Amino acid sequence: MPIRIDLLKDGTNVGNILVDEYLELGRRDKSDIGEVVPFLTRFGNVARWVVTDTGGANKVPRKVCGLEYIDGNRVRVSNIHTANRELWIQKGESKVQILPGDSIDKPLPVTVRLPEGLAVEIALVEISEIEAEQGTSHPEFNEQVNSILGGSGTSLSFSSGSSFLSQSSIGGSHTVFSKDSEVGENSRLFLQAMSHVIPALQEPINSPKYLQGIAEAVIRVMDMDRVEIITRKDGKWIYDDTNQFLRSKSLEPELPSRNLLERVLATGKLSTYPDEEEDCASESLMEMQTAIASPLMDPTNPKGGLLGVLYADRRCKMGSGRSASISKDEKGFIAILSAATANRLGNVKKEQELHTYQQFFSQKVIANLLEKGDAFLDGKDTEVSVLFCDIRGFSKATDSMEANAAMQWLSDTLSELSQVVLDADGVLVDYVGDELFAMWGAPDEDPSHGYSAIRAALQMMEIKRMLNERYQGKISFKIDFGIGLNTGKARVGNTGSRQKFKYGPMGRTVNLGSRIQGLTKQWQVSTLMAESTAECVPPDTPKRRLCQAKVVGLDGHVNLYQLMSQQEANDDLISRYAEGLALFESGKQFRQSAKLFGELVQRHPEDGPSLIMLERSVSQLVHPIGTFSPVWEAFTK
């Protein structure tokens, strides 16, 4: 049974929806461009109702609460935000606060009060109310049905009034199924068909019960022996047992008419056998007196494309009383089911693609993917910024924690870091053990990709503090990250395989970024970056050049910079370090640089770079080399 949710702003109704599944409420996400609030969207398999905009001092979180209808006459309201306490459930004069992470079940109707003067009123909706609201025309679907019918001479239209439920209603004055039936018989057959079709339409989008319900309707109403969804992939028809949803027990397994399938492929129209254009039956149809094949056109492909066909057939023997032809009404019925099935398969395909994309891309990038298609991901040479983040302490976790607890901790930490990347419109390229690899600058061209990567790195340093607070007392070590950043040219595309999608960059820029991340341990800092990335750091963000460095396995050297959080920044440390580095790199003033770095180590004993430079200065004094080079050489990756 669906529930109706009315949205109120300061007591005024500003929108409503009908819903029969779990629903999240919250404010607009940065990637929700162009939609007028309130509006429905979907993240993976979760439906979300955006009830307010971003901006200003808005206190409504991106995810504020979850609503779920419970059997009977109750609704479950959950506070799905980690900190928001401005969520109340009201029943009459009674008002109860819902704390973060808690849920409350209440009988309907009920009111839920959100921040910023927002509220939702929730009530149970009777089916009769939905039927009373029906009548909104769907010209695109009508056009799809009539396109499938082609030149059969039958024209159908229908309407649906539900705003969110998977409801379809076939309307108008059309009779269905048999041109020889009486009106009462047509009504009975129509109701019989709907008794199978409507429950099928209410099944979850990827449920096989939908196709089983469609097949059941066709077999029972049209007296068919077999109903199949025959898909087409890579230029071939896929004859799979999983496609044969229903068939008569007496029917021997055999392939459908290839001639019939090829005719649908060539014309994009519904076809039948026998057909007035055929002189005789093909060999494969000698024992099959009548058959129908209707195209399932891909609704997600703007250029068209065939997902497969809805196929049905029956054998007709002398004296059996079964019709040897397909009536116009039967064609219309099949065309309607084909259009609905094509939409369902298209949505399944879209959901699968979205599920894949959501593992790697932000909503903004996904929107471009859906608009431009897979060609958007074609390989290209472009400038990108890469980020590698290593989670330190994982070895300690595996030694000191139970396996399940250690994996949960790692998963939680990677999830938090991944969300930072997606919030900054980055691409999650890969996870390698306890290391995360991300990229900016592709597939969407972004001239500020360096700044976006820097912003993500700074946010990760803030996340570190939050995670240490979350796991205080639960783990015996302090969580720390090592982050490496680099910017440069790379070859970007699908670096995975046919079995596993992985979109990302390849080349020297990537290798250098990985090496720079590895140097964070040697220099005892959280974040290091190449000069190409450091040039993108805003003036008000602290940084310092540490040295010229040569990394293992790559020619040349790189100017190495530390990106500093506001907590790490110290103006005296930054300026004095720069002074000492200039003395050292001059190649002539090692005594002065040793003295200066010695003073810095005394003032800042935990500063790894000052200690390294002190050791280098002293080493040059004690063991001078013939030809001095200011380049520091890494001894490991």
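Taken together, the values in this text are just the output of simple stated rules run on the coordinates, not laboratory data. What you are looking at is a predicted structure, and each value in this text was computed from that prediction instead of being measured. We place every Cβ from the backbone using ideal geometry, glycine too, and count neighbours over all the protein chains shown.
Distances between placed amide hydrogens fall under 5 Å for ASN45 paired with no residue 5 or more residues away or on another chain.
Between MET407 and LEU265, the modelled label-to-label distance comes to 4.4 nm, taking each label 7 Å out from Cα in the direction of the beta carbon. Given region 3-125, what whole percent of its Cα pairs are spread farther than 26 Å? Result: 11 percent of Cα pairs exceed 26 Å. Rounded to the nearest 0.05, what FRET efficiency do ARG603 and GLU116 give with R0 = 56 Å and r taken as the Cβ-Cβ distance? Could you check? Working from the Cβ atoms, E equals 0.70.
Database remark: amide H of CYS547 closer than 5 angstrom to the amide H of LEU560 (H placed geometrically; neighbours at sequence offset of 5 or more, or on other chains; Pro and chain starts carry no H). When peptides 625-633, 425-433 are ranked by their average number of other Cβ atoms within 10 Å per residue, the highest-first order is 425-433, 625-633. Phi-derived couplings, Karplus 6.51 cos²θ - 1.76 cosθ + 1.60 at θ = phi - 60°, listed residue by residue for region 529-543: 8, 6, 4, 4, 7, 4, 5, 8, 6, x, x, 8, 9, x, 8 Hz, with x used for Gly and Pro. Taking amide H as placed 1.01 Å from N in the peptide plane, TYR503 has its amide H under 5 Å from the amide H of THR495, each at least 5 places away in sequence or on another chain.
Taken as Cα centroids, region 583-607 and region 91-114 sit 63 Å apart, rounded to the nearest whole angstrom. Note on region 424-472 and region 329-348: Cα centroid distance 44 Å, given to the nearest whole angstrom.
Greater than 29 Å separation of Cα atoms is the criterion. Which listed pairs, LYS521/LYS543; LYS59/LYS364; LYS464/LYS502; LYS63/LYS364; LYS489/LYS543; LYS236/LYS489, meet it? Beyond 29 Å: LYS236/LYS489.
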